[in-house]
Every structure is written in structure tokens, then in C-alpha cells.
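Some notes on the structure that comes next.
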């Protein structure tokens, strides 16, 4: 269980204990910022704890009664004054029809009495409950209410919700309602960090620009957006705004999507993306890792010498991009790239391992085995191990088994995961048959595989079964 999951489980457990010992005084079981799944998990935890409880104190323990396993008790609790809104929303999706009907009556009344407060408090939970078989009623009720309040403070507040599904819903409903001009749509798209929500705003901005025409403010807002989808929309609008000449500077954007849109926009304006990107990588003041990648996307094999000169660039990110660019041009050169496994930049070593992993001309096994061993920088060891893993066979198996006891926790986990994937009935291990060295290596993997799986691998590989008495069994 991850640390976050453990914290969530502890929060729910503490809330359940608080309610179970709460007595007559109302308690707030979860903080105001609790996640929707905290409330559904609390409902389940209380139901499990309340088996056999018969509710003589239900008059003042409404929260517990709302989560009771007995549907009759849950229904009666919904007639109590001021039941917990979160539990009411959950009961709207209850499997007992009588409970659902009463809960829906209570929720509809609360929403009619104080729409802004109820919408802000319960929309995240109602969205999650909408996935349940009986959860569509509350979701439809809330969407209808929000549609009727387009432009209201309640809907505006949901745009800033920390809950992503809520922000996406608010954006969708706001776009459906119309009313926002292209500048506002572009600003919202540019400031949004969630890709799904930003795309909703960006698509709306493009549609409004197509109808009314873009202006410089909206184009500049999109070009400065967090999301590649937003920036690419801005590049497209450069042409419609009569600013196509500016598309060239986005040929070196960090996003491949934006670079592709920029190449299209440059060509639409009769420009040459290749010439522009080459100028960027040959100018020491303009060359960046993204510029190198952008050039490689336009270049041909004849441009490999230019990329090779960048393998000596002082910036590790540029060197890594040059390695990857040579791979895009399908000009792998193991003799040239192998020394870069020892590059001080982890990004370069990783790029080399990825570039050489799929080509036949790879560094000799003995040199890779040496680099996996202790004494080398961690990123060099990991890069060499990736190449050994790509080769497979006994050298990789030996390296992986040795790494099970390595001091590098990441390498230990990686080796264990790869060893675990070594065997499946439909894909037996690709190892030499009858090799005693393989048998000895498998014997060191009992904690990874277990005796049964190792026995099956030995049979497949034509190796004698182990004598269990010699292995402490």
C-alpha cells in the first residue's frame, strides 16, 4: 500500500472511530477538504462495524443509522433533522428503493433551500456516485441546477475546485452555456493545469475564434499555456491572426505536438521548417534540447554529422537530444555512442541505452557487465543494465541475480521485476537448455519465483530438479 493510500485509510479509520464513540454530541468525521472516496469508504467502514447494532440510540446517532446495514434503519434516519449531507447523497444511490426515495427527497429539498452551499459541498461526491448503478439521479439533478445557474458565483467557484472531475464538469457546462468571449476562453485554457479541462477551454476558444475571429490577446494567451494542446491551438490561430511568421519560434517547443503544428503553420506560410530548425541548432545562442529534437524531426540521414558535433555540447540535455536525434535518423553507431554510457549526465546515458537497445550493433557483453558492477555511477549502471536486458540470455540473468543483493534500491527493484517476468506458461524463458550455470543462477532466485516455478523452468530448460534436502527444505 502506498503512503497516500495508508494516509487515506488511516483518515477513514479515525473518522469511523470518532463517530462510533461520538455519543450525543455531533462530530465532524472528516475534514472539509476530504476526498469523495473518503466518504464512500467511511460509509462502508461504518456498515461493517455496525453489524448487529439495533439503533436504540438512533435518535441522536443519525450518522451511524444512515450507514447501518439494515435498510429500515437507514430509511428512518433520513427523517431525522439535518442528516449529514454527504451520507444523504450516498443514500440517493442506495440499493433499497425506499431509502433512495427518501434520500432523494431530502437532497432535493436541501438543494432548493441553499443551492450555492450544497453545490459546492456535494458536487465532487455526486460526480463519483454517478458511476454507480443508481447514481445518475443526483448527478442529473446537480447538472440541471448548475445549467440554470450559468454565470452564477456557484458555478464560477467550481472552476477553481481542487477536484479535477468538478473542474471538468464546470468547464463543460460553462462552454455549453456560451457567453464567454474568445479572450476569456483563451485565458482559462492557458491557466488550467489539467489537460482535460484545458482542452475543453481551448477547443471552445478555437470554435469562437473561427466564428468571430481571433485577436492578439487571445492568441498570446494560448501560446503561453501550460498544456501542449493549448499552445498548439495558439500556433494554429497565428495564421488566422495574420501572424504566421511567428510560428517558426515554436519549432523548438518542448512538446512534439506543438512542434508538429509549428511545422504545418510554417509550411502554410511558404516557409521551410528544415532551414529554420537548422539555423537554431547551428547558433550557439539558440540551440536547446528541444531545438535539436525539432531539427532531427525535419532532418535526413545526411544531417547526422551535424548532430554528432552536438555530442560534445556542454549541456547534458543537448547531448541527450543529439543522441536521440541520431536514433530518429536511424544512424546508430555503437562505437561512437558506447563511451557516452559514462557521460556525467543521466539523461545522456539513458538516451544511449534507448538508442542502442534495438540495434544489432551493441557494445560487447563483457563491457556492459563491467559497467553494471559496483563502482560505476548509478545512472551508468542502469543504462548498461538496460542494454544487457535487451540482449537477454545468461549474461543478463547473471547480472540480474547479482543485483538482487545490490546496494542500489532502484536497481534491486528493477532486477526483481524483470526476473519475475522471466517465466509464464505461454512464454517460457529464452535461456540456453541444459546449462549448469543457468541452473545455479535459478537456484539463487527462490525468493523471487518460489520452488514450484523454478521446478517448471528447470523442466523446460532440461535441467535436473533440485534435491530439496540440499536446500534446507
**Asked** Any number yet on Rg/Rh for the range 1-179, C-alpha, Kirkwood?
**Response** 0.98
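Going by average Cβ density within 10 Å per residue, which order do the peptides 315-321, 381-387 take, highest to lowest?
Taking the mean over residues of other Cβ atoms within 10 Å, the ranking is 381-387, 315-321.
Two decimals, Cα atoms only, Kirkwood Rh: what is Rg/Rh over the chain? Intermediate results must be reported in sequence, preceding the final value.
On the way: Rg = 30.9 Å, Rh = 28.0 Å.
Taking Rh as the inverse mean 1/r over Cα pairs, Rg/Rh reads 1.10.
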**Asked** So what is the relative contact order for the range 182-269, in percent, with contacts set as C-alpha pairs under 8 Å and at least six apart?
**Response** 26
**Request:** Would you calculate the separation in nanometres between label points at residue 226 and residue 376, each defined as 7 Å from the Cα along the Cα-to-beta-carbon direction?
**Result:** 3.9
**Between the range 275-329 and the range 128-168, the Cα center-to-center distance that results, in Å** = 48
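For the chain, what is the calculated [θ] at 222 nm in deg cm²/dmol (nearest 500), taking -39500 (n - 2.57) for each run of four or more DSSP H residues and dividing by its residue count?
Working: 28 runs with 301 residues, N = 473.
When only DSSP H runs of four or more count, the value is -19000 deg cm²/dmol.
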**Request:** Specify the inter-centroid distance of the range 63-106 and the range 375-390, based on alpha-carbon positions, in whole Å.
**Result:** 58
**Coarse-grained scattering of the range 182-269 at q = 0.24, 0.26 Å⁻¹, given as base-10 log I(q)/I(0) from a Debye sum over alpha-carbon atoms** = -1.12, -1.27
**Message:** Pairs of alpha-carbon atoms within less than 8 angstrom and 6+ residues apart define the contacts here; what relative contact order does the range 1-179 have, in percent?
**Reply:** 14
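Would you mind putting 347-359, 278-290 in packing order, based on average other-beta-carbon counts within 10 Å, highest first? It would help to have the intermediate numbers written out before the result.
Working: 347-359: 21.6, 278-290: 16.2.
Highest mean packing first, the order is 347-359, 278-290.
What is the calculated FRET efficiency for residue 7 to residue 390, with r their C-beta to C-beta distance and R₀ = 35 Å, to the nearest 0.05? Write down the numbers at each step before the final one.
Numbers: r = 38 Å, r/R0 = 1.10.
Once rounded, the FRET efficiency stands at 0.35.
Any read-out appearing in this document is the output of simple, stated calculations on the displayed coordinates, not a laboratory observation. Note that the structure is predicted; figures quoted are calculated from it, not measured. For neighbour counting, all protein chains shown are included, and Cβ atoms are generated from backbone atoms with ideal geometry for every residue, glycine included.
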